[in-house]
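Notes for the one structure printed next.
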Amino acid sequence: MCDTGLLVAMLEEGLQKDIMDGNLGIYNGTICENILADVFTKMGKKRYYCIPNRIEVDFFIRRYGLATATAI
């Protein structure tokens with residue numbers, strides 16, 4: 001989802017108010033990942049998706065010629 005507002009709107013009824021009140025619950029990581037992906041896209045960074053074996057890598061960032069994997 002490219003829009004965090006739409007992502008939240010698609011959640012179960014009643015969760016939107018909880019999230020707006022700061023009670024992110026199990027959606028904390030999902031919403032943070034979505035916001036960061038949106039920011040990177042707006043910065044002109046390309047996004048690629050892959051599914052490595054048994055691990056979750058949320059973002060892989062190349063900075064100053066060095067590569068860093070970042071999990072939230």
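A compact table of results
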quantity	calculated
Answer residue from the stretch 24-42, given it is aliphatic (A, V, I, L, M) and part of a helix (DSSP H, G or I) and is farthest from the chain's Cα centre (by Cα) among those	Ile26
Residue in the stretch 26-39 that is at positive phi and out of contact with any strand residue (DSSP E or B) (no Cβ under 9 Å at 6 or more places or on another chain) present	no
Pair list, Cβ < 7 Å and 6+ apart or interchain, from the stretch 27-45 residues that are without any contact (Cβ under 8 Å) to a residue 40 or more places away in the chain and of a type in the set (D, E, K, R) to residues that are part of a helix (DSSP H, G or I) and surrounded by 14 or more Cβ atoms within 10 Å (Cβ to Cβ)	Asp38/Thr4
Test: residue in the stretch 45-52 that is at pLDDT below 75, more than 14 Å from the chain's Cα centre (by Cα) and among the aromatic types (Phe, Trp, Tyr)	no
Search result, residues across the stretch 1-23 that are within 16 Å of the chain's Cα centre (by Cα) and either surrounded by 14 or more Cβ atoms within 10 Å (Cβ to Cβ) or not in a helix (DSSP H, G or I) (or both)	Met1, Cys2, Asp3, Thr4, Leu7, Val8, Met10, Leu11, Ile19
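The values are calculated or read from the model by the stated rules, or taken from the named source; none is laboratory data. Note that the coordinates shown come from a computational prediction; the quantities given were computed from them, not determined experimentally. Here Cβ is always computed from backbone atoms with ideal geometry, including for glycine, and neighbour counts include all displayed protein chains.
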